[in-house]
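Working notes for the structure below.
None of the figures in this text is laboratory data; all of them are computed from the coordinates on show. Please read these numbers as outputs of a predicted model, since none were measured by experiment.
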Amino acid sequence: MRAKLPVLVIALGLAAAIAVVAAAQSTANGLPSYTNGYQRWPKLKRIQVKGPNPHVKVKAVYVNKRKAGKAWPVGTVIVKDIVSPGDSFISQVAVMRKVKRTSPSGGWVFVEFSRSNATASYGLLAQGATCTGCHSLAKKNDWVFRAP
Ligand code: HEC
């Protein structure tokens, strides 16, 4: 019995470590953990570059960092959440995350999630070229239509 205890301790430790890794990748609601707490971040309000807009719904846009000069720093996450007309819950979340300083796509990774009701978890809706083709219109503004 005594000899088995360390094995149990190691097994529990491993299980805890796996749980932590899983939590770092996505939250319980299916959104990636880098969006955690986004509704407490400052908002982007002013539209600086006009463009055809696919997200024509009630929305709010949040950002976790401050713009440094003309560009947003690596690590910037911009989250736009969307409520469809007639709905009382957020059904879509569009995210831009700056992972590099330069191209492709200005170093941004684009991904959008959706869900069918207020308690469902989010799943992947669209990403990549679906987004960048249009956002390239805002290339001069670091691929972002809005300004702080
Ligand atoms: C047809 C053009 C178009 C496409 C396609 C498009 N966007 Fe946008 N997006 C816009 C416009 C215009 C705005 C600014 C107006 C607003 O916030 O609604 C915007 C705003 C955003 C913002 C807020 C930051 C900003 O640029 O102002 C995010 C985040 C975003 N889009 C993510 C995405 C993602 C992710 C996709 C792909 C799944 C996508 N967009 C596809 C036109 C587009």
How large is ³J(HN,Hα) for each residue in segment 86-95, as worked out from phi by the Karplus curve 6.51 cos²θ - 1.76 cosθ + 1.60 (θ = phi - 60°), to whole Hz, x for Gly and Pro? x, 8, 10, 9, 6, 9, 9, 9, 9, 10
Distance in Å, no decimals, from the C-alpha centre of segment 134-148 to the one of segment 108-131 is 20
Taking θ = phi - 60°, what integer Hz values does the Karplus form 6.51 cos²θ - 1.76 cosθ + 1.60 yield along segment 29-38, in sequence order, with x for Gly and Pro? 8, x, 7, x, 5, 5, 9, 3, x, 4
Taking θ = phi - 60°, what integer Hz values does the Karplus form 6.51 cos²θ - 1.76 cosθ + 1.60 yield along segment 135-145, in sequence order, with x for Gly and Pro? 5, 5, 5, 9, 3, 5, 10, 6, 6, 10, 6
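Over segment 99-139, what is the relative contact order in percent, taking alpha-carbon pairs closer than 8 angstrom and at least six residues apart?
In percent, rounded to a whole number, it is 33.
Note the full-extension length gain between ASN53 and LEU124 as 0.36 nm times their separation in residues minus their Cα-Cα distance, in nm to one decimal. Present the calculation step by step, with values, prior to reporting the outcome.
On the way: separation 71, 0.36 × 71 = 25.56 nm, distance 1.97 nm.
Here the answer is 23.6 nm.
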